[in-house]
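These notes concern the structure reproduced below.
The values are calculated or read from the model by the stated rules, or taken from the named source; none is laboratory data. Note that this is a predicted model, so its numbers are computed, not measured. Glycine also receives a Cβ, built like all others from the backbone with ideal geometry; neighbour counts cover every protein chain displayed. With ligands, DNA and RNA removed, areas are computed over all heavy atoms of the protein, side chains included. Shrake-Rupley method; radii C 1.70, N 1.55, O 1.52, S 1.80 Å.
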Amino acid sequence: MSALKVFDIAGSAMNAENVRLNTVASNLANASTISNSADKVYKARLPVFSAVLNNTINKNNTTGGVEVLGVVESQAPPVMEYQPNHPMADATGYIYKPNVNSIEEMANMMSASRSYQNNVDVMNTAKTMLLDTLKLGQ
Amino acid sequence: MAINFNSVLGIHPQALVLREKRGEILAANMANADTPDYKARDLDFHSLLNNSLGNTSNNSAVVLQQTSQEHMPGQNVVLGAQVLYRNPQQSSLDGNTVESHIEQAKFAENAVQYESSLSFLKGQFSNLLLAIKGQ
């Protein structure tokens, strides 16, 4: 039944937004994880979204959900801070903080949760439409 | 006098199928609201209406000729209506043309139109029942 495709589409989007929320949580949780080298310090993680082009058999790529291709690490340089007395400081007296931008992450979180709610609404409306159709003729 | 379902139900059974398909396309738009380079799509009802009214002259789309089974069609057609791309009011830097508020409004509009076709069908069915029972 094709009406159930709406549920697949909205479901895939909820899944993707969930991954996005998880990366935001991970980034914020590690926002102040300090390291003694630029390589070992935590780097902000970002999900990569891509539209799913299904239905290639009849070559009618009109509808498709969204998928997460993967999670990439931010290439921004870590924040270096000169603190020679810090126990994690390296030989030159620097400590390395993650390249996580808390404000960006909060904005990302709000955008993700709004999109999630949007898709929940789509699912609810589609459910009402289907249930009303099932009640036709009663 | 025989009862003809086609004349009793009118355009509404086809309208339901079309609304359902449009709901799918709009849901896909909202699902991809954060996907870079995704282009929002929608059904072109005007082309469908014009085609059914017979005046194809002012809206005749250029159709690519397909000389092989393997060729992809130049345009996507759902139940006679073309699936076109939406012109964004304000496009975003990542190439995405989905505007959530517009898609939400269109989706709600589509749902209401679906429900109205449905309630019309319900009314016609209860009329038929009344005619059959005669009371």
Inset, instruction - Would you be able to tell me the number of residues in the range A:17-48 that are within 26 Å of residue A:87 (Cα to Cα), open to solvent by 50 Å² or more (accessible area, probe 1.4 Å) and among the small types (Gly, Ala, Ser)? - result: 2
Inset, instruction - Return a yes/no flag: does the range A:84-101 have any residue that is open to solvent by 30 Å² or more (accessible area, probe 1.4 Å) and either within 28 Å of residue B:85 (Cα to Cα) or within 17 Å of the chain's Cα centre (by Cα) (or both). - result: yes
Legend entry - Number of the condition not met by residue A:75 [criteria: (1) open to solvent by 70 Å² or more (accessible area, probe 1.4 Å); (2) free of Cβ contacts under 8 Å to residues at least 40 places away in the same chain; (3) outside any loop (DSSP other than H, G, I, E, B)]: (3)
Inset, instruction - Determine, yes or no, whether residue A:129 is assigned to a strand (DSSP E or B), over 22 Å from the mean Cα position of the chain (by Cα) and hydrophobic (A, V, I, L, M, F, W, C). - result: no
Legend entry - Of all residues making up the range A:112-138, the number that are more than 7 Å from chain B (Cβ to nearest Cβ) and either among the basic types (Lys, Arg) or open to solvent by less than 80 Å² (accessible area, probe 1.4 Å) (or both): 11
Legend entry - Top-ranked residue of the range A:62-88 - restricted to ones that are modelled with pLDDT under 90 and among the small types (Gly, Ala, Ser), ranked as nearest to residue A:39 (Cα to Cα): A:65
Legend entry - Residue satisfying all of: in the range A:58-71; free of Cβ contacts under 8 Å to residues at least 40 places away in the same chain and open to solvent by less than 70 Å² (accessible area, probe 1.4 Å); nearest to residue A:19 (Cα to Cα) among these: A:70
Inset, instruction - Identify the residue in the range A:1-48 that is closer than 19 Å to residue B:94 by Cβ and touching a Lys or Arg at 6+ places or on another chain (Cβ under 8 Å) and, among all such residues, is farthest from the other protein chains (Cβ to nearest Cβ). - result: A:23
Inset, instruction - Look through B:90, B:69 and report the one residue that is surrounded by fewer than 18 Cβ atoms within 10 Å (Cβ to Cβ), polar (S, T, N, Q) and at pLDDT 85 or above. - result: B:90
Legend entry - Cβ pairs under 9 Å, 6+ apart, first in the range B:116-135 and farther than 16 Å from residue B:6 by Cα, second exposed (fewer than 10 other Cβ atoms within 10 Å of the Cβ) and at pLDDT below 90: B:131/B:3; B:132/B:3
Legend entry - Those residues of the range B:22-51 which are of a type outside the set (D, E, K, R), part of a loop (DSSP other than H, G, I, E, B) and buried (at least 17 other Cβ atoms within 10 Å of the Cβ), in sequence order: B:32, B:33, B:35, B:38, B:40
